[in-house]
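Asks: Sharing a structure below in structure tokens format, with a few things to ask.
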Amino acid sequence: IRLLRIKGDHGASILRCTMTEADLNDKPVYEALSYTWQKDQSGFLEVTIICNDQCIKVTPNLHDALLHLRRRSRRRTAIWIDSICINQNDLRERNAQVNMMGRIFDSARQVVV
């Protein structure tokens, strides 16, 4: 799986993060985020974040959750977020990860809702 770490640059206007790979068999310490992929009337609005020096578009709802997590996290625990940590454009990967979601959530130190 891929895990995200939010950088602690609290005054920055753009959220920055890094993503790394982890093997669930190694029992990585991480949290999992459960949230809605909120839509507005015109479809998804998007906000840009920077991950591993690449621009990624996320929903405003996820962006707000990331801001909250950045504010509360001094230790910057890794977090698993389905829409970012799963390559949504790779059907094979997405299907494999969806089949693992129960294990991903069960293995998390805590689930943030």
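The values are calculated or read from the model by the stated rules, or taken from the named source; none is laboratory data. Quick caveat, the model's predicted, so the values are computed rather than measured. Ideal geometry is used to build each Cβ from the backbone, glycine not excepted, and the neighbour counts take in all protein chains shown. Heads up: the accessible areas ignore ligands, DNA and RNA and are worked out on the full protein's heavy atoms, side chains in. Shrake-Rupley method; radii C 1.70, N 1.55, O 1.52, S 1.80 Å.
Asks: What residue, of 18, 48, is within 14 Å of the chain's Cα centre (by Cα), at pLDDT 85 or above, surrounded by 13 or more Cβ atoms within 10 Å (Cβ to Cβ) and in a strand (DSSP E or B)?
Replies: From the options 18, 48, the qualifying one is 18.
Asks: Another question, then. For residue 104, state whether it is under 19 Å from residue 27 (Cβ atoms), of a type in the set (A, V, I, L, M) and in a helix (DSSP H, G or I).
Replies: Yes, satisfied.
Asks: What is the residue count in region 103-113 for residues that are more than 10 Å from residue 1 (Cα to Cα), open to solvent by less than 60 Å² (accessible area, probe 1.4 Å) and modelled with pLDDT of 95 or more?
Replies: Of the residues in region 103-113, 3 are more than 10 Å from residue 1 (Cα to Cα), open to solvent by less than 60 Å² (accessible area, probe 1.4 Å) and modelled with pLDDT of 95 or more.
Asks: Further, regarding this structure: For region 55-101, which residues satisfy the criterion of being part of a helix (DSSP H, G or I) and of a type in the set (S, T, N, Q)?
Replies: Those that are part of a helix (DSSP H, G or I) and of a type in the set (S, T, N, Q): 61, 83, 95, 97, 99.
Asks: Which one of these does residue 68 not meet: (1) touching a Lys or Arg at 6+ places or on another chain (Cβ under 7 Å); (2) at pLDDT below 90?
Replies: The failed condition is (1).
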